[in-house]
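Enquirer: Below you will find the structure I want to go over with you.
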Amino acid sequence: MPTIGETLREARMRQRLDIADVETKTKIRAKYLRALENEEFSMLPGPTFVKTFMRTYAEALGLDPHVLVEEYRANYEGGEEPETLTPLGPPGSPRERRRVGGGRRIAPVVVVGMGLLAVVVALLVVGLLSGDDGGQGESQQPSETTETQPSGPRTERDRPPPRPRRVVLRIAPVTETYVCIDTGPGTQTRFEGIIDAPRTFRGRRLRVNLGNTSVEMRRNGRPFDIEPTTEPVGFAFTPRSSRPLPVGERPCA
């Protein structure tokens, strides 16, 4: 039975295509196509991209991609643990605080300090309320010289900025980076490929799969921080929120 690489190479040669023709057709770089045919899978960024490129290559040659991907999983991913995504939350997130501080008792000094803080806050509140009552008493006295100024219409500067209704995502790679983007589960892939220059994507919702974290991202004009890691990462964006994606929910995975 021919191997994965032999199956791809023989199908390409039957169609009298060279690597350059397939590169133009699939937008996959020639060195990655040769790596698939030679089964040098370590040259690709990771298992996710091996399966993605293999699927695209097989479809371009008219082969059944499912058979090749399943053979790759059976022969090369049999005993490996699933990829995990490093949490993007700050070190002080509730989960980490529970893990670090579980079972410890609060020091008496902390309890005393919290009690003093509560007393100070209570005194401030009482003082503010007393000041408001005095101000109201004075305002009730009649005044012949004070005139009420009519409130004019609110200007454009006074109005709060409108909430964004779409996601505008700008990805600027520091080095060549694999990117796959869709708009949600079961939707068509908006973009898949390797970029070496900034690209901007728009949509009501976007899901992103990045081959590495050597990128600078901005969501609706604001910087989006990515914790450096050697593994691929994924995110889901809406106009008002974002969250990391586990491996099974990332596009093209």
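Enquirer: Once both labels are modelled 7 Å past Cα along the beta-carbon direction, what's the Asp225-Arg204 spacing in nm?
Expert: A separation of 3.2 nm, rounded to one decimal place.
Enquirer: What percentages, rounded to whole numbers, describe P(r) for the range 1-78 computed over all alpha carbon pairs with 5 Å bin width beginning at zero?
Expert: Going from the shortest bin to the longest, the percentages are 3, 16, 33, 29, 14, 5, 0.
Enquirer: Between Glu6 and Thr187, what is the spin-label point distance in nm, taking each point 7 Å from the Cα along the Cα→C-beta axis?
Expert: Modelled inter-label distance: 4.3 nm.
Enquirer: Same structure again: Hey, any idea what % of the range 1-74's accessible area is carbon plus sulfur with a 1.4 Å probe?
Expert: The C+S portion of the solvent-accessible surface of the range 1-74 is 49 percent.
Enquirer: Now a separate question. With a 1.4 Å probe and every protein chain left in place, tell me how much accessible area Phe191 has, in Å² to the nearest 10.
Expert: Solvent-accessible area, nearest 10 Å²: 40 Å².
Enquirer: To continue, here is another question. Once you sort the root eigenvalues of the Cα gyration tensor of the range 1-41 as a ≥ b ≥ c, which label holds: rounded (a/c under 1.5), prolate (a/b larger than b/c) or oblate (the other case)?
Expert: oblate
Enquirer: Pop the C-beta distance of Glu59 and Glu176 into the FRET formula with R0 = 22 Å and round what comes out to the nearest 0.05.
Expert: 0.40
Enquirer: A further question on this structure: By how many nm would the segment from Arg163 to Glu39 lengthen if fully extended, with 0.36 nm per residue of separation less the alpha-carbon distance?
Expert: Once the chain is fully extended between Arg163 and Glu39, it gains 39.7 nm.
Enquirer: Counting heavy atoms of the protein chains only and a 1.4 Å probe, report the per residue accessible area for the range 38-80 as a whole number of Å².
Expert: Here the per-residue accessible area is 49 Å².
Enquirer: Between Glu249 and Ala122, with labels modelled 7 Å along Cα→Cβ, what's the label distance in nm to one decimal, could you check?
Expert: Each label point is offset 7 Å from its Cα along the Cβ direction, giving 4.5 nm.
Enquirer: Add +1 for every Lys or Arg and -1 for every Asp or Glu among the other residues with Cβ under 11 Å from the Cβ of Ala60, and state the total.
Expert: +1
The values are calculated or read from the model by the stated rules, or taken from the named source; none is laboratory data. Note that the structure is predicted; figures quoted are calculated from it, not measured. FYI the Cβ positions are ideal-geometry reconstructions off the backbone, even for glycines, and counts take in every protein chain you see. Each accessible area value is taken on the protein alone, full model and side chains, heavy atoms only, with ligands, DNA and RNA left out. Shrake-Rupley method; radii C 1.70, N 1.55, O 1.52, S 1.80 Å.
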